[in-house]
Amino acid sequence: VQLQASGGGLVQAGDSLRLSCAASGRAFSTYAVGWFRRAPGKEREFVATISWTGRTIRYAGSVKGRFTISRDNAKNTVFLQMSSLKPEDTAVYYCAADLAGGLGYPEESRYDFWGQGTLVTVSS
C-alpha cells in the first residue's frame, strides 16, 4: 500500500482546508484509514479515523466538531475537511492505513503504512 497526502498549506486562523490521502496497492475498500499529526516539538498524535465502509468514524477531542473525515472508495481517497482552524492545528499531517483493522482505531501502532505527510500552517 502506498499513501500520498496532499492539500496542506498556509492559512489564517478561522480558515478551512481540505487534505487528501490517495492510496494505491491493496484494494482500498478493505482497510481503515487514519489521520495523525505532529506539531513542532511534539509527538505525533491521533486526529481522526474512518472504517473501510465509512460508517465508523472517530475523532480526537481537540478536532471534534471542526474536522470531518470522509472517504471515496471509488477514487481510493480519504479526505480530511478542516474548518475553524486554529494556530494549534499547525502540524505535519499524515495519513495511514490499518490493514488488519477494518473499523479504524486511534492507536498509531495499529497502522501499517504511512504517507509522507503534508504541512499545515495556521497563522494567528
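Check the straight Cα-Cα distances from LYS64 and name the lysines below 17 Å, setting aside those fewer than 8 residues away within the same chain.
LYS86
Any idea what the dipole of the chain comes to, in debye rounded to 20, about its Cα centre with Lys/Arg Cβ at +1 and Asp/Glu Cβ at -1?
Here the size comes out at about 200 debye.
Could you give the length gained on full extension between ALA22 and GLN4, defined as 0.36 nm per residue of separation minus the Cα-Cα distance, in nm?
Length difference between fully extended and current span is 6.0 nm.
Measuring with a 1.4 Å probe in the full set of protein chains, what accessible area per residue, in whole Å², belongs to the range 18-123?
Value for the range 18-123: 47 Å² per residue.
For the pair GLU107/GLN12, report the inter-label distance in nm, with labels modelled 7 Å from Cα in the Cβ direction.
Spacing of the two 7 Å Cα→Cβ label points: 4.4 nm.
Would you work out what percent of the accessible area of the chain, with all protein chains in place, is carbon or sulfur (probe 1.4 Å)?
47
The values are calculated or read from the model by the stated rules, or taken from the named source; none is laboratory data. This structure is a prediction, so every number in the text was calculated from the model and none was measured. Because the Cβ atoms are built from the backbone with ideal geometry, glycine has one as well, and the counts that use them run over all protein chains shown. Note: areas computed on protein heavy atoms with side chains; ligands, DNA, RNA excluded. Shrake-Rupley method; radii C 1.70, N 1.55, O 1.52, S 1.80 Å.
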